[in-house]
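Asker: This is the structure I want to talk about, given as structure tokens.
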Amino acid sequence: KHCAEIIRNLLAVKDSINMVFAAAPSQSEMLDALTKEKGIDWGRIRAFHMDEYIGLDREAPQNFGNFLYRELFSKVKFGEVYYINDEGGSAEQLCSRYADLLEKYPADIICLGIGENGHIAFNDPHEADFKDKRMVKIVSLDEKCRRQQVNDGCFKSIDEVPKFAITITLPYFL
């Protein structure tokens, strides 16, 4: 309800807004409730997600873009939705393209959670840098983070969880 109120207030004074969403089972209840809120002109909202695995098949249900499509983007009609791996290319190219989009459309609202190891997006403690010069980067995922993916039921075993991901960096969230 609080998020919906902020969305409506921003849309009352701006032509469009930009939102970034976390993708995790812990977000499902909030995303479901948000889609049921009345009085939100979703067509005036650009949507982004904050991280994505490297190395999974694009159609894998664990991909965060696919998760958000199932939980949110297929339920309400956003003006635009930008996926990290939308156009293919190397991981470095995806980082650069996504950083350009985030710079062009700075976030008005960020809906995030904090992982079991304290990560925000995939900024695991060993990778987190509050002074990072990059907006989007490739990171390695620590074992506790990867185990959370198993505990959340996204993967059957830790061996299935990718060891690398693309993430929005911490300075973007500040």
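Asker: Can you list residues from other chains, or at least 5 along the same chain, whose modelled amide H is less than 5 Å from the amide H of Met50?
Answerer: Sorted by chain and number, the residues that satisfy this are Phe21, Ala23.
Asker: Using a 1.4 Å probe, how large is the accessible area of Ser96, given in Å² and rounded to the nearest 10?
Answerer: Only protein atoms counted, so the area is about 60 Å².
Asker: Here's something else I'd like to know. Given points 7 Å out from each Cα along the Cα-Cβ axis, report the Gln93 to Ser26 separation in nanometres with one decimal.
Answerer: 3.4
Asker: What relative contact order, as a whole-number percentage, does the chain give when Cα pairs under 8 Å and 6 or more residues apart are counted?
Answerer: Relative contact order comes out at 24 percent.
Asker: Accessible area per residue, 1.4 Å probe, Å², for region 21-174: what's the number? Working shown, then result.
Answerer: Details: 7720 Å² over 154 residues.
Per-residue value: 50 Å².
Asker: Normalised by the residues of region 1-47, what does the relative contact order come to in percent, with Cα pairs under 8 Å and at least six apart?
Answerer: Answer for region 1-47 is 60 percent.
Asker: So, R0 is 22 Å and r is the distance between the beta-carbons of Glu160 and Asn117; what FRET efficiency does that work out to, to 0.05?
Answerer: 0.75
Asker: Report, in deg cm²/dmol and to the nearest 500, the calculated mean residue ellipticity at 222 nm for the chain, where each DSSP H run with n ≥ 4 adds -39500 (n - 2.57) and the sum is divided by the residue count.
Answerer: -8500 deg cm²/dmol
Asker: Further question on the same structure: List, in order, the whole-Hz ³J(HN,Hα) value for each residue of region 13-19 obtained from phi through the Karplus relation with A = 6.51, B = -1.76, C = 1.60 and θ = phi - 60°; use x for Gly and Pro.
Answerer: Calculated HN-Hα couplings, in order: 10, 10, 5, 8, 9, 10, 10 Hz.
Asker: May I pose another question? Run the quick spin-label model on Lys131 and Leu174: label points 7 Å from Cα toward the beta carbon, then report their separation in nm to one decimal.
Answerer: Each label point is offset 7 Å from its Cα along the Cβ direction, giving 0.9 nm.
Asker: Right, another one. Which lysines have a Cα less than 25 Å from the Cα of Lys38, not counting those fewer than 8 places away in the same chain?
Answerer: By straight Cα distance, Lys38 reaches Lys1, Lys14, Lys75, Lys77.
Asker: Right, here's the next one. How much of the accessible area of the chain, in percent, comes from carbon and sulfur atoms when a 1.4 Å probe is used?
Answerer: 50
The values are calculated or read from the model by the stated rules, or taken from the named source; none is laboratory data. Model, not experiment: these values are computed from the prediction. Please note: Cβ atoms are built from the backbone with ideal geometry, for glycine as well, and neighbour counts cover all protein chains shown. What goes into the accessible areas is simple: the full protein's heavy atoms, side chains included, and nothing from ligands, DNA or RNA. Shrake-Rupley method; radii C 1.70, N 1.55, O 1.52, S 1.80 Å.
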